[in-house]
Amino acid sequence: MAVLVTGSVAIDSVTTPHGEAREVPGGSALYFSVAASFFAPVRVVAAVGEDFPKRFLRVFDDRAIDLTGLEFRRGSKTFRWTGRFDGDMNEAQTVDVDLNVLAEDAPRVPPPFADSESVFLANTHPTRQREVLTQVTSPRLVVCDSMNLWITTERESLVETLRKVHGVIINDAEARQLTKRMNLIDAGDGILDLGPRFVMIKKGEHGSLLVTADGAYALPAYPAKVVRDPTGAGDSFAGGVMGYLDQQGASDTQALRRAMVRGTVMASFTIEDFSARRLQELSRADIERRVGHYVEMLHVG
Ligand code: AMP
(Lines give C-alpha, C1' and ligand atoms only; values in the text may rest on other atoms or scores of the structure.)
Protein backbone atom coordinates (compact mmCIF):
# COMPACT_ATOMS: atom_id res chain seq x y z
CA MET A 1 0.00 0.00 0.00
CA ALA A 2 1.05 3.62 -0.40
CA VAL A 3 -0.11 7.10 0.51
CA LEU A 4 -0.46 9.65 -2.28
CA VAL A 5 0.00 13.26 -1.15
CA THR A 6 -0.56 16.45 -3.04
CA GLY A 7 0.28 19.84 -1.59
CA SER A 8 3.00 22.43 -1.58
CA VAL A 9 6.72 21.87 -1.95
CA ALA A 10 8.07 25.23 -0.95
CA ILE A 11 10.92 27.59 -0.32
CA ASP A 12 10.30 28.78 3.26
CA SER A 13 11.83 31.58 5.31
CA VAL A 14 10.97 31.39 8.99
CA THR A 15 11.76 33.49 12.07
CA THR A 16 11.11 32.28 15.62
CA PRO A 17 12.37 33.52 19.00
CA HIS A 18 15.13 30.89 18.60
CA GLY A 19 16.56 32.11 15.32
CA GLU A 20 15.82 32.25 11.66
CA ALA A 21 16.08 30.02 8.61
CA ARG A 22 16.10 31.67 5.19
CA GLU A 23 15.18 29.86 1.98
CA VAL A 24 14.96 26.35 3.40
CA PRO A 25 12.95 23.30 2.22
CA GLY A 26 9.32 23.49 3.29
CA GLY A 27 5.77 22.99 2.15
CA SER A 28 2.88 20.87 3.27
CA ALA A 29 3.66 17.92 0.99
CA LEU A 30 7.33 17.93 1.98
CA TYR A 31 6.77 17.70 5.74
CA PHE A 32 3.92 15.25 5.25
CA SER A 33 5.87 12.89 3.02
CA VAL A 34 8.96 12.71 5.20
CA ALA A 35 6.85 12.01 8.33
CA ALA A 36 4.57 9.46 6.60
CA SER A 37 7.51 7.62 5.01
CA PHE A 38 8.46 6.16 8.40
CA PHE A 39 5.21 4.14 8.27
CA ALA A 40 4.30 3.57 4.61
CA PRO A 41 5.57 4.27 1.09
CA VAL A 42 4.65 7.77 -0.11
CA ARG A 43 3.88 9.09 -3.59
CA VAL A 44 4.29 12.85 -4.08
CA VAL A 45 2.21 14.82 -6.59
CA ALA A 46 3.32 18.46 -6.60
CA ALA A 47 4.83 21.12 -8.80
CA VAL A 48 7.81 23.39 -8.27
CA GLY A 49 9.32 26.04 -10.53
CA GLU A 50 12.63 26.55 -12.29
CA ASP A 51 14.01 28.31 -9.21
CA PHE A 52 13.65 25.21 -6.99
CA PRO A 53 17.09 24.45 -5.53
CA LYS A 54 18.06 20.90 -6.48
CA ARG A 55 19.85 20.48 -3.14
CA PHE A 56 16.40 20.56 -1.44
CA LEU A 57 15.75 17.12 -2.95
CA ARG A 58 18.18 15.65 -0.42
CA VAL A 59 15.35 15.86 2.12
CA PHE A 60 13.71 12.95 0.27
CA ASP A 61 16.90 10.88 -0.15
CA ASP A 62 16.96 7.27 1.03
CA ARG A 63 13.29 7.23 1.96
CA ALA A 64 10.30 5.35 0.64
CA ILE A 65 9.18 8.49 -1.21
CA ASP A 66 8.40 8.25 -4.93
CA LEU A 67 8.99 11.61 -6.63
CA THR A 68 7.72 10.58 -10.09
CA GLY A 69 4.84 13.01 -9.57
CA LEU A 70 7.05 15.99 -8.64
CA GLU A 71 6.90 18.24 -11.68
CA PHE A 72 9.65 20.78 -12.39
CA ARG A 73 7.57 23.27 -14.34
CA ARG A 74 9.40 25.34 -16.93
CA GLY A 75 8.67 29.06 -16.85
CA SER A 76 7.09 28.80 -13.37
CA LYS A 77 8.24 29.77 -9.91
CA THR A 78 8.13 27.73 -6.72
CA PHE A 79 5.61 28.52 -3.97
CA ARG A 80 7.27 30.67 -1.30
CA TRP A 81 6.16 31.19 2.27
CA THR A 82 7.68 33.61 4.78
CA GLY A 83 6.42 33.28 8.32
CA ARG A 84 7.19 34.06 11.92
CA PHE A 85 6.30 32.67 15.32
CA ASP A 86 6.33 34.94 18.37
CA GLY A 87 5.70 34.51 22.08
CA ASP A 88 4.29 31.06 22.83
CA MET A 89 4.75 30.15 19.14
CA ASN A 90 1.29 28.64 18.96
CA GLU A 91 0.30 30.49 15.81
CA ALA A 92 2.20 31.14 12.61
CA GLN A 93 2.03 34.66 11.22
CA THR A 94 2.28 34.73 7.45
CA VAL A 95 4.61 37.61 6.59
CA ASP A 96 4.61 37.01 2.87
CA VAL A 97 3.24 34.40 0.49
CA ASP A 98 3.91 33.98 -3.24
CA LEU A 99 1.54 31.36 -4.62
CA ASN A 100 3.38 31.13 -7.95
CA VAL A 101 2.98 27.55 -9.20
CA LEU A 102 0.12 26.86 -6.73
CA ALA A 103 -2.02 29.34 -8.68
CA GLU A 104 -1.48 27.41 -11.92
CA ASP A 105 -2.85 24.07 -13.20
CA ALA A 106 -2.72 21.09 -10.85
CA PRO A 107 0.18 18.69 -11.27
CA ARG A 108 -0.68 15.43 -13.09
CA VAL A 109 -0.99 12.14 -11.23
CA PRO A 110 1.42 9.70 -12.96
CA PRO A 111 -0.57 6.63 -14.21
CA PRO A 112 1.20 4.20 -11.82
CA PHE A 113 -0.05 6.37 -8.89
CA ALA A 114 -3.73 6.14 -9.94
CA ASP A 115 -4.27 2.97 -7.88
CA SER A 116 -3.30 4.67 -4.55
CA GLU A 117 -5.56 3.53 -1.71
CA SER A 118 -4.82 6.39 0.70
CA VAL A 119 -4.82 10.02 -0.41
CA PHE A 120 -3.89 13.10 1.59
CA LEU A 121 -4.85 16.46 0.12
CA ALA A 122 -2.39 18.64 2.01
CA ASN A 123 -2.62 22.39 2.09
CA THR A 124 -2.94 23.83 -1.37
CA HIS A 125 -5.62 25.53 -3.43
CA PRO A 126 -8.85 23.49 -2.87
CA THR A 127 -9.54 23.31 -6.61
CA ARG A 128 -6.07 21.78 -7.13
CA GLN A 129 -6.91 19.29 -4.36
CA ARG A 130 -9.99 18.07 -6.27
CA GLU A 131 -8.22 18.07 -9.64
CA VAL A 132 -5.66 15.66 -8.21
CA LEU A 133 -8.25 13.54 -6.42
CA THR A 134 -10.27 12.92 -9.61
CA GLN A 135 -7.17 11.30 -11.15
CA VAL A 136 -7.05 8.59 -8.46
CA THR A 137 -9.24 5.63 -9.44
CA SER A 138 -10.83 4.29 -6.24
CA PRO A 139 -9.17 5.52 -3.07
CA ARG A 140 -10.20 3.80 0.18
CA LEU A 141 -9.31 6.73 2.45
CA VAL A 142 -9.22 10.41 1.41
CA VAL A 143 -8.30 13.06 3.98
CA CYS A 144 -7.69 16.78 3.50
CA ASP A 145 -6.24 19.79 5.30
CA SER A 146 -6.87 23.46 4.68
CA MET A 147 -5.97 26.83 6.15
CA ASN A 148 -7.03 30.42 6.76
CA LEU A 149 -5.95 31.68 3.32
CA TRP A 150 -8.18 29.20 1.49
CA ILE A 151 -11.07 29.52 3.95
CA THR A 152 -11.05 33.27 3.31
CA THR A 153 -10.46 33.32 -0.43
CA GLU A 154 -11.87 29.98 -1.69
CA ARG A 155 -14.60 28.99 0.75
CA GLU A 156 -17.01 27.59 -1.87
CA SER A 157 -14.32 25.51 -3.52
CA LEU A 158 -13.18 24.26 -0.13
CA VAL A 159 -16.71 23.17 0.82
CA GLU A 160 -16.83 21.28 -2.48
CA THR A 161 -13.57 19.50 -1.55
CA LEU A 162 -14.95 18.66 1.93
CA ARG A 163 -17.88 16.86 0.28
CA LYS A 164 -15.45 14.46 -1.35
CA VAL A 165 -13.31 13.39 1.61
CA HIS A 166 -13.64 10.86 4.45
CA GLY A 167 -11.66 12.92 6.96
CA VAL A 168 -10.26 16.35 7.71
CA ILE A 169 -7.13 17.28 9.67
CA ILE A 170 -7.24 20.98 10.49
CA ASN A 171 -6.12 23.31 13.27
CA ASP A 172 -8.32 24.90 15.93
CA ALA A 173 -8.39 28.45 14.54
CA GLU A 174 -9.23 27.11 11.08
CA ALA A 175 -12.02 24.86 12.39
CA ARG A 176 -13.55 27.90 14.11
CA GLN A 177 -13.09 30.12 11.05
CA LEU A 178 -14.63 27.52 8.73
CA THR A 179 -17.71 26.81 10.84
CA LYS A 180 -18.06 30.13 12.72
CA ARG A 181 -18.45 28.03 15.92
CA MET A 182 -16.24 28.73 18.92
CA ASN A 183 -16.60 25.44 20.81
CA LEU A 184 -14.27 22.99 19.09
CA ILE A 185 -16.48 19.90 19.48
CA ASP A 186 -19.30 21.93 18.02
CA ALA A 187 -17.01 23.11 15.23
CA GLY A 188 -16.02 19.46 14.60
CA ASP A 189 -19.70 18.51 14.34
CA GLY A 190 -20.20 21.41 11.93
CA ILE A 191 -17.45 20.01 9.68
CA LEU A 192 -19.02 16.51 9.85
CA ASP A 193 -22.24 18.11 8.57
CA LEU A 194 -20.33 19.13 5.43
CA GLY A 195 -19.57 15.49 4.54
CA PRO A 196 -16.52 13.93 6.23
CA ARG A 197 -16.92 11.10 8.78
CA PHE A 198 -14.08 12.23 11.01
CA VAL A 199 -12.29 15.46 11.92
CA MET A 200 -8.98 15.78 13.73
CA ILE A 201 -8.45 19.23 15.21
CA LYS A 202 -4.88 20.18 16.09
CA LYS A 203 -4.40 22.57 19.00
CA GLY A 204 -0.62 23.08 19.05
CA GLU A 205 0.81 22.70 22.54
CA HIS A 206 -2.71 21.87 23.77
CA GLY A 207 -2.91 18.58 21.88
CA SER A 208 -5.57 17.36 19.49
CA LEU A 209 -9.20 16.31 19.26
CA LEU A 210 -10.92 13.62 17.24
CA VAL A 211 -14.58 14.21 16.42
CA THR A 212 -16.70 11.46 14.84
CA ALA A 213 -20.37 10.41 14.99
CA ASP A 214 -19.29 8.29 18.04
CA GLY A 215 -18.35 11.46 19.96
CA ALA A 216 -15.16 13.32 20.83
CA TYR A 217 -11.75 12.06 21.98
CA ALA A 218 -8.88 14.23 23.22
CA LEU A 219 -5.12 13.73 23.38
CA PRO A 220 -2.52 16.01 24.99
CA ALA A 221 0.56 17.13 23.07
CA TYR A 222 3.82 15.30 23.75
CA PRO A 223 5.44 17.40 26.52
CA ALA A 224 8.18 19.11 24.53
CA LYS A 225 10.85 21.21 26.15
CA VAL A 226 12.71 22.04 22.96
CA VAL A 227 10.54 24.02 20.52
CA ARG A 228 12.70 25.86 18.00
CA ASP A 229 10.38 26.08 14.98
CA PRO A 230 6.78 24.81 14.87
CA THR A 231 6.61 25.10 11.05
CA GLY A 232 5.42 21.82 9.59
CA ALA A 233 4.08 20.42 12.86
CA GLY A 234 0.58 20.12 11.40
CA ASP A 235 1.75 18.40 8.22
CA SER A 236 4.02 16.05 10.18
CA PHE A 237 1.05 15.20 12.41
CA ALA A 238 -0.98 14.38 9.29
CA GLY A 239 1.94 12.35 7.90
CA GLY A 240 2.12 10.23 11.05
CA VAL A 241 -1.65 9.73 11.02
CA MET A 242 -1.97 8.79 7.34
CA GLY A 243 1.21 6.69 7.22
CA TYR A 244 0.02 4.69 10.21
CA LEU A 245 -3.55 4.24 8.89
CA ASP A 246 -2.23 3.07 5.53
CA GLN A 247 0.14 0.63 7.23
CA GLN A 248 -2.73 -0.73 9.38
CA GLY A 249 -5.23 -0.86 6.50
CA ALA A 250 -7.92 0.46 8.86
CA SER A 251 -9.63 3.74 9.71
CA ASP A 252 -12.22 2.82 12.36
CA THR A 253 -12.39 5.00 15.47
CA GLN A 254 -9.86 2.88 17.40
CA ALA A 255 -7.39 2.99 14.51
CA LEU A 256 -7.91 6.77 14.26
CA ARG A 257 -7.04 7.15 17.95
CA ARG A 258 -3.88 5.10 17.59
CA ALA A 259 -2.99 7.06 14.46
CA MET A 260 -3.30 10.32 16.41
CA VAL A 261 -0.65 9.04 18.79
CA ARG A 262 1.75 8.63 15.84
CA GLY A 263 0.78 12.05 14.51
CA THR A 264 1.44 13.67 17.87
CA VAL A 265 4.86 12.04 18.10
CA MET A 266 5.92 13.03 14.56
CA ALA A 267 4.89 16.65 15.21
CA SER A 268 6.87 16.65 18.47
CA PHE A 269 10.05 15.82 16.54
CA THR A 270 9.50 18.39 13.77
CA ILE A 271 9.30 21.33 16.18
CA GLU A 272 12.70 20.54 17.69
CA ASP A 273 14.58 22.15 14.78
CA PHE A 274 14.12 24.36 11.72
CA SER A 275 12.79 23.01 8.42
CA ALA A 276 12.66 19.19 8.25
CA ARG A 277 16.10 18.78 9.85
CA ARG A 278 14.98 16.79 12.87
CA LEU A 279 12.82 14.43 10.80
CA GLN A 280 15.75 13.75 8.51
CA GLU A 281 17.98 12.42 11.27
CA LEU A 282 15.31 10.23 12.90
CA SER A 283 15.28 6.46 13.00
CA ARG A 284 12.27 4.18 13.34
CA ALA A 285 13.61 3.23 16.78
CA ASP A 286 13.57 6.90 17.91
CA ILE A 287 9.89 7.07 16.92
CA GLU A 288 8.93 3.82 18.64
CA ARG A 289 10.75 4.91 21.81
CA ARG A 290 8.83 8.18 21.93
CA VAL A 291 5.51 6.45 21.13
CA GLY A 292 6.21 4.10 24.05
CA HIS A 293 6.99 6.96 26.39
CA TYR A 294 3.90 8.90 25.31
CA VAL A 295 1.54 5.91 25.64
CA GLU A 296 2.95 5.21 29.09
CA MET A 297 2.37 8.84 30.02
CA LEU A 298 -1.28 8.60 28.90
CA HIS A 299 -1.94 5.61 31.11
CA VAL A 300 -3.75 6.80 34.25
CA GLY A 301 -4.72 4.59 37.19
P1 AMP B 1 2.12 23.63 9.04
O2 AMP B 1 2.36 22.16 9.11
O3 AMP B 1 0.67 23.95 9.15
O4 AMP B 1 3.01 24.40 9.96
O5 AMP B 1 2.50 24.09 7.54
C6 AMP B 1 3.77 24.62 7.22
C7 AMP B 1 4.01 24.63 5.73
O8 AMP B 1 2.85 25.07 5.00
C9 AMP B 1 5.13 25.59 5.35
O10 AMP B 1 6.27 24.84 5.04
C11 AMP B 1 4.60 26.39 4.15
O12 AMP B 1 5.44 26.32 3.03
C13 AMP B 1 3.26 25.74 3.84
N14 AMP B 1 2.22 26.71 3.52
C15 AMP B 1 1.99 27.91 4.12
N16 AMP B 1 0.92 28.53 3.56
C17 AMP B 1 0.46 27.69 2.57
C18 AMP B 1 -0.63 27.75 1.64
N19 AMP B 1 -1.46 28.81 1.58
N20 AMP B 1 -0.79 26.70 0.79
C21 AMP B 1 0.03 25.65 0.84
N22 AMP B 1 1.07 25.52 1.70
C23 AMP B 1 1.29 26.52 2.57
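Setting aside same-chain residues fewer than 8 positions from K54, which aspartates and glutamates have a Cα under 13 Å from its Cα?
Cα-Cα hits under 13 Å: E23, E71.
H293 to V97: extension gain in nm, 0.36 nm per residue of separation minus the Cα-Cα distance?
Additional length available on full extension: 66.8 nm.
Spelling out what I want: for every residue of the range 75-89, take phi, set θ = phi - 60°, compute 6.51 cos²θ - 1.76 cosθ + 1.60 (Karplus), and round to whole Hz; glycine and proline get x.
So the Karplus estimates, Gly and Pro as x, are x, 10, 10, 5, 4, 10, 10, 10, x, 9, 10, 10, x, 7, 6 Hz.
With both partners inside the range 3-298, how many of the DSSP beta bridges are antiparallel, as a percent to the nearest 5? Don't skip to the end; give the middle numbers.
Numbers: 21 of 51 bridges.
Looking only at bridges with both residues in the range 3-298, the antiparallel portion is about 40 percent.
If you take the Cα Rg of the chain and divide it by 2.2 N^0.38 Å, with N the number of residues, what do you get?
Compactness ratio reported: 0.91.
Out of the chymotrypsin sites (Phe, Trp or Tyr not before Pro) in the range 141-229, which ones are loop residues according to DSSP with at most 11 other C-beta atoms within 10 Å?
Filter output for the range 141-229: empty list.
Please report, as a whole percent, how much of the solvent-accessible surface of the range 3-298 comes from carbon and sulfur atoms (probe radius 1.4 Å).
In the range 3-298, the share of accessible area belonging to carbon and sulfur is 47 percent.
Which of the peptides 62-73, 227-238 is most tightly packed, and how do the rest follow, going by the mean number of other Cβ atoms within 10 Å of each residue? List each step's numbers first, then the result.
Working: 62-73: 17.2, 227-238: 26.8.
In decreasing order of mean packing, 62-73, 227-238 become 227-238, 62-73.
Can you tell which of V45, G292, V165 lies farthest toward the positive end of the dipole of the chain, using +1 and -1 charges on the Cβ of basic and acidic side chains (Lys, Arg; Asp, Glu)?
The listed residue farthest towards the positive side: G292.
Filter the trypsin sites (Lys or Arg not before Pro) in the range 174-213 to those in DSSP coil with at most 13 other Cβ atoms within 10 Å of their Cβ, and list the result.
K180
Counting other Cβ atoms within 10 Å, keep those with at most 12, restrict to DSSP loop, and tell me which trypsin sites (Lys or Arg not before Pro) in the range 86-175 are left.
R163
How large is the helix-only mean residue ellipticity at 222 nm for the chain, computed as the sum of -39500 (n - 2.57) over DSSP H runs with n ≥ 4, divided by its residue count, in deg cm²/dmol to the nearest 500?
Working: 10 runs with 101 residues, N = 301.
After summing the helix terms and dividing by residue count, I get -10000 deg cm²/dmol.
Per-residue accessible area for L99 at 1.4 Å probe radius, Å² rounded to 10?
50
Quick one: putting +1 on the C-beta of Lys and Arg, -1 on the C-beta of Asp and Glu, what dipole do you get for the chain around its Cα centre, in Debye to the nearest 20?
300
What do you reckon, how do V265, V95 stack up by accessible area (1.4 Å probe), largest on top?
Putting V265, V95 in descending order of accessible area: V95, V265.
Most fluctuating residue of V226, V132, V45 in a GNM of the chain with Cα springs under 10 Å: which is it?
Maximum among the listed residues: V226.
Hey, what did the chain get for relative contact order, percent, Cα under 8 Å, at least 6 apart? Present the calculation step by step, with values, prior to reporting the outcome.
Working: 681 pairs, mean separation 54.4, N = 301.
In percent, rounded to a whole number, it is 18.
Around C144, which amide H atoms from residues at least 5 apart in sequence, or from another chain, sit under 5 Å from its own amide H, with H modelled in the peptide plane?
Amide H neighbours of C144: L121, G167, V168, I169.
Just the accessible area for H18, please: 1.4 Å probe, Å², rounded to the nearest 10?
100
For the chain, what is the accessible area per residue in Å² when the probe is 1.4 Å?
So the chain comes to 42 Å² accessible per residue, rounded to a whole number.
The values are calculated or read from the model by the stated rules, or taken from the named source; none is laboratory data. Since we're looking at a predicted model, the values are computed, not measured. Backbone-built Cβ (ideal geometry, glycine too); neighbour counts: all protein chains shown. Ligands, DNA and RNA are stripped out before the accessible areas are found, and what is left, the full protein with its side chains, is counted by its heavy atoms. Shrake-Rupley method; radii C 1.70, N 1.55, O 1.52, S 1.80 Å.
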